[in-house]
Amino acid sequence: MADARISMYLPPDINPAQAPIAYGCRALPKLNEELQSEDLLTRQKALMSLCDLMHDPEYVYEAINIGCLESLKGLLKDIDDVVRIKATEVLNIMATHNVGRDGFLEYDIIYSLSFLLNDPHPICRKNLHMAYKQLAQLPSGAQGIVSSGLIPSLVWKLQKEEEVIQELILGTLAHCLQEDATEALGSQVVLFLKQKLLSSNEIIRSKAAYTLMAVSIPLEGKKQVWCNGVIPILVHLLKDKAEEVQASAAGALMYATVTTEGKYAALDVDAISPLLDLLCSPMLKVRLNATKALTMLAEAPEGRKFLQTQVHVFHFLRGEPDEALQKAVQIALKVIEWKP
């Protein structure tokens with residue numbers, strides 16, 4: 001009679017929600033076939049398995065070469081919610097790798113994802129915005145998003161989406177508008193960002209101010225920031241409890257005060273005093289942006305006259321170890337001590 005024996009080996013690691021992965025070089029081709037299956041459960045399991053594999057850039061490269069991106073584009077239109085959610089999750093994971101971002105541009109994934117901007121499931125929308133944010137970190141990716149005509153839609157979504165997704169959209173816009181802010185400026189982006197500067201969420205306040213930096217690079221952006229009364233809000237944010245908000249607000253003022261109108265709008269709300277306070281901030285980025293903003297205000301006779309009484313503060317900063325800050329301080333002193 002046979003005895004009952006307990007094996008010394010662990011049971012096989014089998015996840016019933018995932019498709020079994022074929023051995024070796026057959027793994028991804030088999031999954032790609034299953035992604036195109038008419039059976040819903042097969043498609044779902046294949047996507048689950050693909051999510052695990054796409055964390056490895058070598059698998060991402062192979063997946064692109066065998067046509068997985070084309071299969072995933074088709075699944076973005078699937079009527080099943082789980083399939084769409086997992087397909088966007090796969091694409092988001094792929095977008096964390098350079099080879100994946102290159103694949104997005106080659107296979108026009110940006111446009112295909114845009115059809116899900118109004119998907120009823122927030123997880124699906126969150127995945128696609130995470131993918132866009134990853135893509136926008138590459139100049140070519142940011143330009144690709146701009147070229148796809150998505151900027152007006154992303155700006156509009158700022159007032160519609162939940163806060164977690166708003167944070168992602170602001171991150172995407174900040175990179176894209178550095179490439180080209182024309183469409184955004186025509187879509188009232190400054191007014192929407194003005195609203196976000198007043199948010200109770202410090203991350204949104206910080207990202208909105210950072211995005212305003214990109215908006216304020218072109219002359220039209222500087223004009224809109226001044227005309228829409230954003231400068232007093234930025235000056236108020238210089239006293240924010242969050243250092244990232246302070247840094248971004250000072251950076252936005254640095255660009256917005258290049259014009260004469262911007263300078264006097266900032267001087268009218270006493271921007272110099274809080275900016276001087278930021279020169280003692282423990283965060284380098286805050287000190288650097290504040291120094292540059294003060295340099296802009298020193299170009300106005302009234303600003304220069306006041307700052308000449310505070311020149312000792314800038315001389316103290318000359319001992320900073322950071323080269324960028326040292327250079328900014330030297331320029332500031334040159335402007336402040338200039339005499340006609």
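Some observations on this one:
Rundown of residues vs (1) part of a helix (DSSP H, G or I); (2) modelled with pLDDT under 95; (3) open to solvent by 30 Å² or more (accessible area, probe 1.4 Å), yes/no style:
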| residue | (1), (2), (3) |
| --- | --- |
| L31 | yes, yes, no |
| Y59 | yes, yes, yes |
| R84 | yes, no, no |
| E89 | yes, no, yes |
| I93 | yes, no, no |
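- Screening the candidates T260, T309 for the property of being within 26 Å of A214 (Cβ to Cβ) and open to solvent by 10 Å² or more (accessible area, probe 1.4 Å) yields one hit, T260.
- Selection status of A256, within 28 Å of P340 (Cβ to Cβ) and either touching a strand residue (DSSP E or B) at 6+ places or on another chain (Cβ under 7 Å) or free of Cβ contacts under 8 Å to residues at least 40 places away in the same chain (or both): no
- Qualifying position, being β-branched (V, I, T) and surrounded by fewer than 22 Cβ atoms within 10 Å (Cβ to Cβ), among V189, V215, V155, V99: V99
- Apart from one condition, E179 fits all of (1) more than 22 Å from S200 (Cα to Cα); (2) open to solvent by less than 20 Å² (accessible area, probe 1.4 Å); the exception is (2).
- Condition met for I123 (touching an Asp or Glu at 6+ places or on another chain (Cβ under 9 Å), crowded, with 17+ Cβ neighbours inside 10 Å and not hydroxyl-bearing (S, T, Y)): no
- Applying the criterion of being open to solvent by less than 30 Å² (accessible area, probe 1.4 Å) and among the hydrophobic types (A, V, I, L, M, F, W, C) to the residues of the range 158-176, the residue that is nearest to A136 (Cα to Cα) is C176.
- Condition broken by E38, with the remaining ones in (1) modelled with pLDDT under 90; (2) within 17 Å of G74 (Cβ to Cβ) satisfied: (1)
The values are calculated or read from the model by the stated rules, or taken from the named source; none is laboratory data. A quick note: this is a predicted structure, and the numbers were derived from the prediction, not measured. When we count neighbours, we look across all protein chains shown, and the Cβ atoms used for this are built from the backbone with ideal geometry, even at glycine. We work out accessible area using only protein heavy atoms, side chains counted, and drop any ligands, DNA or RNA first. Shrake-Rupley method; radii C 1.70, N 1.55, O 1.52, S 1.80 Å.
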